[in-house]
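The values are calculated or read from the model by the stated rules, or taken from the named source; none is laboratory data. Computed from a prediction, not measured in an experiment: that's the story for all the values here. Please note: Cβ atoms are built from the backbone with ideal geometry, for glycine as well, and neighbour counts cover all protein chains shown.
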Amino acid sequence: MRSIYGWILVIIVAAAISFYAQLFLNPYLQQILLYIAINVLLATSLNLVNGFCGQFSLGHAGFMAIGAYTSAMVSLHFQPFVGSLEILNFPIYAIIGGSASALAGFFVGIPSLRLRGDYLAIVTLGFGEIIRVVLLNLNVVGGARGLYGLPGKTDFLSCFHAFFWAGMTVLLLWRLVHSSFGRAFLSVREDSIAAECMGINTTRVKVMAFVISSFFAGAAGSLFAHATNSLNPASFQFVKSVDVVIMVVLGGMGSITGSLLGVVLVTILPEALRPLQNYTHIDLRMVIYSLVLILMMILKPSGLLGSREWNQLLWWRRKGAA
Amino acid sequence: MLLKLENVSIQFGGLKVIESMNTSIAQGELVGLIGPNGAGKTTAFNLISGIYSPTQGEIILEGRSLKGLKAFEVARQGVIRTFQNIRLFSTLSVLDNILVSMHQRCDYGLASVFLKLPKFFRAEKKFQEEAIKLLKLFKLDHLKDHEAGSLPYGVQRKIEIVRALAGKPKLLLLDEPAAGMNHSETDELMNLIERIRKEFNLAILLIEHDMKLVMGISHRLIVLDHGEIIAQGTPSEIQNNPKVIEAYLGVEETA
């Protein structure tokens, strides 16, 4: 029965956010809120590989692109539900997009996860670029013009759908990292030789983390495709991967709570600083954004929360553990 | 015989680190592996635990060759080691360090994790209880929630042994378990090692530099020098072996 509580919480939170968005927010803010949901999927799933498993991947935009384009192409040709049930198409698209991306993650992961550190970062970066360039040159998916007229709305149900995915991702990854598999991920990060000598199949564990992470990146791509109703390879440039890495690093590698914090800050900060232009007449946003990151790296390189989660932030728990 | 080494050699480039090593370890036996610095003791450990694979020869566990098996497969066959320079998962809690070793026996899949099926709770509960039981044996259970890397050196060494035990080894390889410990700590540790050997019916292969200690505890000793076994036998035999004395003390030059 305990397994139900998490799901109930996810539904309540997703519904509450969606109600709030529909009642009080203008379309512009609703859009930002949707991006937060999508970024939650991206950041928490990247954290699984980069933070928990200690493998530095820079290819998240590539996996997102695979999910986005697969989901978009499917949605143009396959609409099992019509009318008022239309919303039920979108979970199907997201699952298909995620699965396509997971499959790609499997085939990319097996050879490249033998590498570590900078080498893995370069390979995954290369993978992301390959995907983008391929999409750019594939006429079937619109090439550089991109894809237009994808189904998807910004009504209550769509918002609920996006936040349900966000909540589900957090819930599932939370459960995963608090299981024997999670400990295996951490052991690989801490000392892969020792992990291997304790009977951990480190290759398998790394590929597993990579595939699960790719699935959620693909699902995020699907949500993105149907939130913007159009796709363009330019949305999946290297910078997109870096943005996700920044969210993870800013919040704290190996902390799901930290990733959520990172998502909210990195998504909202540039938007919140927009009015500043009225006073300064020049765009200082990126300057401030980079200053924040530089200061962060100097003052607290482990990220805002380090590897602590919400339940370890309460002072009495910390005192007990120290 | 539990473990048998047949003509095991390893070569790095032109350097022969271990040369045709022949030995065996019986069930429940405590064997000391000694030798001067650079004799190849740790390399022998790396060979047995599957980190290196021998360039020649075979390592046989319970009649089955370990040839071609990766380190994690060797560990799952029941050969588990500790490290000379402690390799704990330092940012994890003591309990989690031990639970990592039990992952190989984890019988639930991802579905049980994601849906929190009863199977998940049953297995987790069993693992935790087992881990705490092991920690109690070493009187470390009060430290279970501490970060492993923050604990004193001697305690970390013990945690490493507990972590190895959690993997249910048949053969436990201990690489200088008493290094950096004082006399009373060492004595306590040796009693403990003897106790776990009896309790779990383990074979133990032990690298140790403290001669008094290793002579006192071992049933049998293997002496390595320059990658070759120069002597094997009971502690008293080894003590009087001229080759061993030569390896450790050198010979007087005769003019």
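Restricted to region A:1-115, the set of helices (runs of 4 or more DSSP H) holding at least 2 residues that are at pLDDT below 95 and closer than 30 Å to A:R183 by Cβ comprises A:2-24, A:89-112.
Sub-6 Å Cβ pairs linking a first residue in region A:182-200 that is at positive phi and at the interface with chain B (Cβ under 7 Å from one of its Cβ atoms) to a second residue that is among the aliphatic types (A, V, I, L, M) and buried (at least 24 other Cβ atoms within 10 Å of the Cβ), at least 6 apart or interchain, are A:G199/B:A75, ordered by first then second residue. Filtering A:G167, A:G221, A:G152, A:G182 for residues that are farther than 29 Å from A:Y5 by Cα and of a type outside the set (D, E) leaves a single hit, A:G152. Check whether at least one residue in region A:26-40 is in contact with a Gly (Cβ under 7 Å, 6 or more places away or on another chain) and closer than 24 Å to A:G251 by Cβ, and report yes or no. Within region A:26-40 (the criterion being in contact with a Gly (Cβ under 7 Å, 6 or more places away or on another chain) and closer than 24 Å to A:G251 by Cβ), the answer is no, since none of the residues qualifies. At least 3 residues being in contact with an Asp or Glu (Cβ under 9 Å, 6 or more places away or on another chain) is the threshold, and among the helices (runs of 4 or more DSSP H) wholly inside region B:59-117 those reaching it are B:71-77, B:94-101.
Within region B:96-126, the set of residues being more than 9 Å from chain A (Cβ to nearest Cβ) and either modelled with pLDDT of 95 or more or within 23 Å of B:L143 (Cβ to Cβ) (or both) comprises B:I98, B:K125, B:K126. Just to be sure before I move on: is B:R87 within 11 Å of another protein chain (Cβ to nearest Cβ), over 23 Å from B:M181 (Cβ atoms), touching a residue at least 60 places away in the same chain (Cβ under 8 Å) and surrounded by fewer than 22 Cβ atoms within 10 Å (Cβ to Cβ) in the structure I sent? No. A count restricted to region A:167-181 and to residues that are in a helix (DSSP H, G or I), within 8 Å of another protein chain (Cβ to nearest Cβ) and not basic (K, R) stands at 4. Only one of the listed residues (A:S241, A:S230) is away from chain B (no Cβ under 14 Å), within 30 Å of B:S90 (Cβ to Cβ) and in contact (Cβ under 8 Å) with a residue 40 or more places away in the chain. That residue is A:S241. Applying the criterion of being surrounded by fewer than 23 Cβ atoms within 10 Å (Cβ to Cβ) and of a type outside the set (V, I, T) to the residues of region A:201-226, the residue that is nearest to the other protein chains (Cβ to nearest Cβ) is A:N201. Among the residues of this structure, B:I159 counts as one that is touching a helix residue (DSSP H, G or I) at 6+ places or on another chain (Cβ under 6 Å), touching a residue at least 60 places away in the same chain (Cβ under 8 Å) and more than 11 Å from chain A (Cβ to nearest Cβ). Looking at A:G67, A:G54, A:G62, just one residue is in contact (Cβ under 8 Å) with a residue 60 or more places away in the chain and within 14 Å of another protein chain (Cβ to nearest Cβ), and that residue is A:G54. Tallying residues that are within 12 Å of chain A (Cβ to nearest Cβ) and surrounded by fewer than 19 Cβ atoms within 10 Å (Cβ to Cβ) within region B:52-74 yields 4. Among the residues making up region B:110-137, those that are surrounded by fewer than 14 Cβ atoms within 10 Å (Cβ to Cβ) and closer than 21 Å to B:K168 by Cα are B:R122, B:K125, B:K126, B:E129, B:K133, B:K136. Checking the stated criteria, B:Q77 turns out not to satisfy the condition of being within 30 Å of B:I60 (Cβ to Cβ) and more than 10 Å from every other protein chain (Cβ to nearest Cβ). Is it true that some residue in region A:218-234 is touching a strand residue (DSSP E or B) at 6+ places or on another chain (Cβ under 7 Å) and in a loop (DSSP other than H, G, I, E, B)? Yes. The C-beta contact set for region B:27-45 (first residue closer than 18 Å to B:I245 by Cβ, second residue hydroxyl-bearing (S, T, Y), distance under 8 angstrom, 6+ apart or interchain) comprises B:G32/B:S218; B:P36/B:Y248.
Any residue at all in region B:134-156 that is at the interface with chain A (Cβ under 9 Å from one of its Cβ atoms), in contact with a Phe, Trp or Tyr (Cβ under 6 Å, 6 or more places away or on another chain) and more than 30 Å from B:A26 (Cα to Cα)? So far as region B:134-156 goes, no, none of its residues is at the interface with chain A (Cβ under 9 Å from one of its Cβ atoms), in contact with a Phe, Trp or Tyr (Cβ under 6 Å, 6 or more places away or on another chain) and more than 30 Å from B:A26 (Cα to Cα). Within region A:96-112, the set of residues being in contact (Cβ under 8 Å) with a residue 24 or more places away in the chain and surrounded by fewer than 16 Cβ atoms within 10 Å (Cβ to Cβ) comprises A:F106, A:I110. Among the listed residues A:L115, A:L138, A:L157, identify the single one that is farther than 27 Å from B:D96 by Cα, free of Cβ contacts under 8 Å to residues at least 40 places away in the same chain and more than 14 Å from every other protein chain (Cβ to nearest Cβ). Every option except A:L138 fails the conditions. Residues B:S93, B:S24: which one is small (G, A, S), within 14 Å of another protein chain (Cβ to nearest Cβ), over 14 Å from the mean Cα position of the chain (by Cα) and surrounded by fewer than 21 Cβ atoms within 10 Å (Cβ to Cβ)? Going through B:S93, B:S24 in turn, just one is small (G, A, S), within 14 Å of another protein chain (Cβ to nearest Cβ), over 14 Å from the mean Cα position of the chain (by Cα) and surrounded by fewer than 21 Cβ atoms within 10 Å (Cβ to Cβ): B:S93.
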